[in-house]
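Enquirer: Before we start, here is the structure in question, set down as structure tokens.
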């Protein structure tokens, strides 16, 4: 926990509001017991039910992940459920390099129209499945992809000339999104220097994975300073799991139940299946777990055992409603404005969160705050 006063950090959304998002696991990891796969939970029907539940419960946004694993792929899934959603936005994960950027701009513009502006984009800069790519090349490809998307959505023409995609000269008429003032917001996460620089230079929200309060606050300060060097301010987000109950004892009991069938070999196999277990961010999550106490807690309420069976965000907040609310408010004091929560199983935990926490938060969509969609 922080042991010093929090100094104001320049962020894009100074109001004390937050975007409260949920998660629809398209990649086959939704389960009742950690390390035990449940194929019935990766079907289109189940993932659609998660989205509909989050929409009905009042979450502002829904993260749709991408991974080369059994389950659903992001863009076709998002298009398939778009007509069924009423208010919720979709935070669609897009891995750079999988699609020619002008066609990606056109595809996302089409999806933005289907959702009537309720589209946000999570830019992914990881290796393409099956490859181990040079990091500098990946960041250059990522930067060029974002440059082309921004031109497509905000300029009169796409005029690009870069080492990865070469010279592109195209009309933007086929790629205009529903959101007329800048197109969908761009979210970006990463631990490396290159990731922080790309987000500071081009994106709207920097997403972080769970770490101690000291570590998170240091990251917020660092990336805010980088953005300022480019004459920009950005917002910050936290992607984290959660177990909330009326009492801390009940929440911890559920965490114990979640681990009751845990198998280390199956957990390691699931963790490695996403092909991102070698990334710097996952290594930092692993290190966090190694420094935790014998019960898996690295600081009060922050439980790291989740990372034993999944790549990516590897820790959960575990506690009573009052404890969790206090923790979220401390994160907001640091400048965090977007929260992407999830829990096991996803539908049941969404209902617990919506009952105990959601009504007590100033929940509003980032796109609405920043004028990307009509209020």
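Enquirer: Have a look at 93, 105 and point out the one that is touching a residue at least 60 places away in the same chain (Cβ under 8 Å), in contact with a helix residue (DSSP H, G or I) (Cβ under 6 Å, 6 or more places away or on another chain) and within 30 Å of residue 137 (Cβ to Cβ).
Expert: After applying the criteria, what remains is 105.
Enquirer: Output the number of residues of region 154-174 satisfying the condition of being modelled with pLDDT of 95 or more, outside any loop (DSSP other than H, G, I, E, B) and touching a helix residue (DSSP H, G or I) at 6+ places or on another chain (Cβ under 8 Å).
Expert: Looking only at that region, the number is 7.
Enquirer: Looking only at residues in region 83-93 that are within 20 Å of residue 42 (Cβ to Cβ) and in contact with a strand residue (DSSP E or B) (Cβ under 8 Å, 6 or more places away or on another chain), which one is surrounded by the most Cβ atoms within 10 Å (Cβ to Cβ)?
Expert: Applying the filter and picking the extreme gives 91.
Enquirer: Return the total of residues in region 48-67 being surrounded by 24 or more Cβ atoms within 10 Å (Cβ to Cβ) and more than 15 Å from residue 21 (Cβ to Cβ).
Expert: Residues meeting the conditions: 1.
Enquirer: Moving on to the next point. Condition test on residue 335, is it on the phi > 0 side of the Ramachandran plot and within 20 Å of the chain's Cα centre (by Cα)?
Expert: For residue 335, the condition - on the phi > 0 side of the Ramachandran plot and within 20 Å of the chain's Cα centre (by Cα) - is met.
Enquirer: Kindly indicate whether residue 128 is modelled with pLDDT under 95, within 21 Å of the chain's Cα centre (by Cα) and either surrounded by fewer than 21 Cβ atoms within 10 Å (Cβ to Cβ) or not in a helix (DSSP H, G or I) (or both).
Expert: Yes; evaluated as a whole, the condition is true for this residue.
Enquirer: When you check residue 16 against the structure, is it under 24 Å from residue 304 (Cα atoms), in a loop (DSSP other than H, G, I, E, B), in contact with a helix residue (DSSP H, G or I) (Cβ under 9 Å, 6 or more places away or on another chain) and at pLDDT below 95, yes or no?
Expert: Details: under 24 Å from residue 304 (Cα atoms): no; in a loop (DSSP other than H, G, I, E, B): yes; in contact with a helix residue (DSSP H, G or I) (Cβ under 9 Å, 6 or more places away or on another chain): yes; at pLDDT below 95: yes.
Taking the combined requirement at face value, the residue does not satisfy it.
Enquirer: Could you list, in sequence order, the residues of region 94-125 that are more than 21 Å from residue 368 (Cβ to Cβ) and under 17 Å from the mean Cα position of the chain (by Cα)?
Expert: Once the filter is applied, which keeps residues that are more than 21 Å from residue 368 (Cβ to Cβ) and under 17 Å from the mean Cα position of the chain (by Cα), region 94-125 yields 94, 95, 96, 124, 125.
Enquirer: Quick one: which helices (runs of 4 or more DSSP H) lie wholly within region 301-375 and hold at least 2 residues that are modelled with pLDDT of 95 or more, out of contact with any strand residue (DSSP E or B) (no Cβ under 7 Å at 6 or more places or on another chain) and surrounded by fewer than 23 Cβ atoms within 10 Å (Cβ to Cβ)?
Expert: The helices (runs of 4 or more DSSP H) meeting that bar are 321-334, 346-356.
The values are calculated or read from the model by the stated rules, or taken from the named source; none is laboratory data. Just so you know, these numbers come straight off a predicted model, no measurement behind them. Cβ coordinates were reconstructed from backbone atoms using ideal geometry, including for glycine residues, and neighbour counts include every protein chain displayed.
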